[in-house]
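Q: Below is one structure. I have some questions about it.
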Amino acid sequence: MSIPQDLKYTASHEWVRVDGDEWVVGITFHAQEELGDLVFVGEVDVGAQLQAGDKAGVVESVKAASDIYAPAAGEITAFNDALEGAPELLNSDPYDNWIFRMRPADGASLAGLMDASGYANAIA
Amino acid sequence: MSGTSDSSAAAPLRRTPLYHAHLAAHAKMVDFGGWDMPVHYGSQLDEHHLVRNDAGVFDVSHMCNVDAYGADAEDFLRALLANDVRKLAIGQALYSCMLNAEGGVIDDLIVYRLQPSEVPRYRIVVNAGTADGDFAWMQQFAQQRGFGLTLRMRRDLAMVAVQGPQAWAKFAVAQPALAALAQQGEGLKPFHAVEAGDYLVARTGYTGEDGLEWVLPASEVHAAWDGLLAAGVRPAGLGARDTLRLEAGMNLYGQDMDTTVTPLECGLAWTVDRKTDPARQFEGRSVLDAGPAKRSAIGLKLLDRGVLRSHMAVRTVPADGAAPQIGETTSGSYAPTLAASIAMARMPAGSAKAGDTVEVEIRGKWYKALVVKMPFARNGKALV
């Protein structure tokens, strides 16, 4: 399924899942397909306080580095370090392999994010 | 995530005669210097490993074949190029830089000495992005110095490279007559070629593996490609081509050298021939003779996690606390055969040698890298 119905999406091709009082963030099928084979995921700063749209980490394919962004203001609470030894998991299972978790700041909302059909239109 | 916006081309991209073959093989096409070319056919990493372990085929028809023939063809090339074609036997090739008057590299290329007809004949293969400029330069050079020869751009020809330990075996299945021609006598040695009409088959390549490059009429290349695929050769794109050549320690024009760099500064002193004929005058020689190079090329292997790219600052870590010397990476990538990241870098001459640890700046932070001798890999295996 390239655009799961139960997730929210950013214009910069991240997906967001709500898990209790945290958001879980990864990159979409479309993103990994555009990037090609991924060879590095990192620069996620656990504990960092970010604004919406701030750089939250980097994914690198063989060809180029690509920043990933915080979907809302908040604090980064975890990095999925399974991706350190196996960045290719983002190619094979982009929705099962999250990149970072964050605690959204007061007032941060999902309202600014796209639903599945909105994202489908955005990448059409 | 950045970097995924679609871009529409401002001008139509040029296509090789294999354009539709790439679409049929599900290539991801990209703008490569104005050409619509396949970066991969599914997985750049798979295609890289395929060439190191089996056989892959690259469309290199965007590169340009130039014929040079006439009474003065040898004298022309000996004045034009830093390497000396005088040492070539018929059927032999060499790799050379073509320099401007300042000793800077206009292009790197391969020259083949072919069977003479009534006059000496040579074939020059130049890079896609520099072909038009190279041809204009060669014509002007010949005219200004009064060399009697004809130069012809052969855009009627296409070219494919079949590379890997199984390249020759699979080529023999697809093209038994051509393979038999190449295998005559003691067989084709590296940097040698056989000719049959408009076909040229050369034991050359840009991957560090055994294989061949095949020049043939553009009208025939799609059928030839299909025949290679039927013989078990799989398509490989420009992404894999770049990681393969980098691991093999081979320069990429426009990145590892350009007109501001002499061959002595980019690891190509071995292609400058001042020995076969010490009296030979070639364009740019006086600058090379004027003194030792102030910069030199080194290989780097990243010791921390991450990926080296071009234009990253490199600094030495002197043991005695002296000021670090600064240089820059020229090419860098993840290297699939090494499962590590590597780069070529240009440093002040003598500032760093194999075995030293240096630091490279990646997005504002310094990471440790080891200076290593190139090539990084050959014949399917990592060397560092």
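Q: Within the set of other residues whose C-beta is less than 14 Å from the C-beta of B:LYS275, count the net charge using Lys and Arg as +1 and Asp and Glu as -1.
A: Residues near B:LYS275 contribute +2 overall.
Q: Tell me, what does the Kirkwood hydrodynamic radius of segment B:250-344 come to in angstroms if you use every pair of distinct C-alpha atoms?
A: Details: mean 1/r = 0.0647 Å⁻¹.
This gives a value of 15.5 Å.
Q: Over all pairs of distinct alpha carbons, what does the Kirkwood formula give as the hydrodynamic radius of the protein assembly as shown, in Å?
A: Mean inverse Cα-Cα distance, inverted, gives 25.0 Å.
Q: Here is a further query. Given +1 on the Cβ of Lys and Arg, -1 on the Cβ of Asp and Glu, and no further charges, what dipole in debye does the protein assembly as shown carry about its Cα centre, rounded to the nearest 20?
A: With Lys and Arg at +1 and Asp and Glu at -1, about 1720 debye.
Q: Using protein heavy atoms only (no ligands, DNA or RNA), what is the total accessible area buried between B and A, 1.4 Å probe, nearest 100 Å²? Walk me through the numbers on the way to the answer.
A: Numbers: alone 17160 and 6290 Å², together 21480 Å².
For chain B against chain A, roughly 2000 Å² becomes buried.
Q: How much accessible area per residue does the protein assembly as shown have, counting only protein heavy atoms and a probe of 1.4 Å, in square angstrom? List each step's numbers first, then the result.
A: Working: 21480 Å² over 508 residues.
Normalised by residue count, the accessible surface of the protein assembly as shown is 42 Å².
Q: Ranked from the most accessible area to the least, with a 1.4 Å probe and all protein chains present, what is the order of B:TRP225, B:TRP168? Please report the intermediate quantities before stating the final value.
A: Values: B:TRP225 5, B:TRP168 30 Å².
The residues order as B:TRP168, B:TRP225, largest area first.
Q: Mind listing the long-range amide H neighbours of B:LEU114? Cut-off is under 5 Å, sequence gap 5 or more, other chains count too, H placed in the peptide plane at 1.01 Å from N.
A: B:GLY91, B:ARG121, B:TYR122, B:ARG123
Q: List the residues of segment B:37-85 whose accessible area drops by at least 40 Å² when all protein chains are present, compared with their chain alone, using a 1.4 Å probe and counting only protein heavy atoms.
A: Buried by 40 Å² or more upon assembly, which counts only protein chains, are B:GLN44, B:LEU45.
Q: Oh, and also: How big is chain B on each of its three principal axes, counting only the C-alpha atoms and giving the largest first in Å?
A: The Cα atoms of chain B stretch 66, 52, 48 Å along the principal axes, largest first.
Q: To continue, here is another question. Expected output is a single nm value to one decimal: the length gained when fully extending between B:ALA101 and B:ASP198, i.e. 0.36 nm times separation in residues minus the C-alpha distance. What is it? Provide the component values of the computation, followed by the final result.
A: Details: separation 97, 0.36 × 97 = 34.92 nm, distance 3.46 nm.
That works out to 31.5 nm of additional length.
Q: Of the options B:MET37, B:GLY254, A:ALA56, report the single residue whose Cα projects farthest towards the positive end of the charge dipole of the protein assembly as shown (beta-carbon charges: Lys, Arg +1; Asp, Glu -1).
A: Farthest towards the positive pole: B:GLY254.
Q: So, one more: Quick one: work out Rg over Rh on the C-alpha atoms of segment B:254-295, Rh as Kirkwood radius.
A: Ratio value, two decimals: 0.96.
Q: Using protein chains only (no ligands, no nucleic acids) and a 1.4 Å probe, work out which residues of segment A:57-78 have their accessible area cut by at least 30 Å² relative to the chain alone.
A: Checking the loss per residue gives A:GLU60, A:VAL62, A:LYS63, A:SER66.
Q: Could you run the Karplus curve 6.51 cos²θ - 1.76 cosθ + 1.60 with θ = phi - 60° over segment A:27-38 and give me ³J(HN,Hα) per residue in whole Hz, x for Gly and Pro?
A: Taking θ as phi minus 60°, the curve returns 10, 7, 4, 4, 4, 5, 5, 5, 6, x, 4, 8 Hz for segment A:27-38.
Q: Could you bin all the Cα-Cα distances of segment B:171-271 into 5 Å bins starting at 0 and give me the percent of pairs in each, rounded to whole numbers?
A: 2, 10, 16, 20, 18, 14, 10, 7, 2, 0
Q: Here is a further query. Excluding ligands and nucleic acids, what accessible area in Å² is computed for A:PHE29 using a 1.4 Å probe, to the nearest 10?
A: Only protein atoms counted, so the area is about 80 Å².
Q: In addition: With θ taken as phi - 60° and the coefficients 6.51, -1.76 and 1.60, list the Karplus ³J(HN,Hα) couplings across segment A:52-67 in order, rounded to whole Hz; mark glycine and proline as x.
A: Once θ is set to phi - 60°, the couplings for segment A:52-67 become 4, x, 6, 5, 10, x, 9, 10, 10, 8, 4, 7, 7, 8, 9, 6 Hz.
Q: In whole Å, what are the Cα extents of segment A:1-87 along the three principal axes, biggest one first?
A: Largest to smallest, the principal-axis extents are 34, 29, 22 Å.
Q: With every protein chain kept in the model, how would you rank B:ASP31, B:ASP198 by accessible area, 1.4 Å probe, largest at the top?
A: From most exposed to least exposed: B:ASP31, B:ASP198.
Q: How much FRET efficiency would the formula 1/(1 + (r/R0)^6) give for B:ALA223 and B:ASP258, where r is the Cβ-Cβ distance and R0 is 45 Å, rounded to 0.05?
A: Computed FRET efficiency for B:ALA223 and B:ASP258: 0.75.
Q: What's the average, rounded to a whole number, of partner chain beta-carbon atoms within 10 Å of each residue's beta-carbon in B:234-243?
A: Numbers: counts 0, 0, 0, 0, 1, 5, 1, 0, 2, 2.
That average works out to 1.
Q: Which entries of A:LYS8/B:LYS368; B:LYS189/B:LYS368; B:LYS87/B:LYS170; B:LYS353/B:LYS381 show an alpha-carbon separation above 29 angstrom in the structure shown?
A: A:LYS8/B:LYS368; B:LYS189/B:LYS368; B:LYS87/B:LYS170
Q: Select from B:LEU228, B:LEU238, B:LEU338 the residue whose mean-square fluctuation is largest in a Gaussian network model of chain B (Cα-Cα springs shorter than 10 Å).
A: B:LEU338
Q: Under unit Cβ charges (Lys, Arg +1; Asp, Glu -1), what dipole magnitude, rounded to 20 debye, does segment B:201-334 have relative to its Cα centre?
A: My answer is approximately 300 debye.
Q: How much solvent-accessible surface does A:TYR95 expose, in Å² to the nearest 10, with a 1.4 Å probe and all protein chains in place?
A: Approximately 40 Å² for this residue.
Q: Given 25 °C and 0.890 mPa s, how large is the Stokes-Einstein diffusion coefficient of segment B:1-103 in µm²/s, with Rh as the Kirkwood radius over Cα pairs?
A: Taking Rh from Cα pairs, D becomes 139 µm²/s.
Q: Next question. Calculated FRET efficiency, B:SER2 and B:GLN183, Cβ-Cβ r, R0 51 Å, to nearest 0.05? Walk me through the numbers before you get to the answer.
A: Details: r = 51 Å, r/R0 = 1.00.
That pair, B:SER2 with B:GLN183, gives E of 0.50.
Q: With a 1.4 Å probe on protein heavy atoms only, tell me which residues of segment A:16-37 lose at least 40 Å² of accessible surface in the complex relative to the chain by itself.
A: Residues shielded by partner chains are A:GLU34, A:ASP37.
Q: Also: Over the protein assembly as shown, what percent of the accessible surface lies on carbon and sulfur atoms, probe 1.4 Å?
A: On the way: 10780 of 21480 Å².
Of all accessible area on the protein assembly as shown, carbon and sulfur atoms account for 50 percent.
Q: Moving to a separate point now. Can you sort B:GLU328, B:GLU359 by solvent-accessible area, 1.4 Å probe, largest first?
A: Final ranking, largest accessible area leading: B:GLU328, B:GLU359.
The values are calculated or read from the model by the stated rules, or taken from the named source; none is laboratory data. On a predicted model such as this, the values are computed, not experimentally measured, just so you know. Every residue, glycine as well, gets a Cβ built from its backbone with ideal geometry; the counts of neighbours run over all protein chains shown. Ligands, DNA and RNA are excluded from the accessible area calculation, which covers all protein heavy atoms including side chains. Shrake-Rupley method; radii C 1.70, N 1.55, O 1.52, S 1.80 Å.
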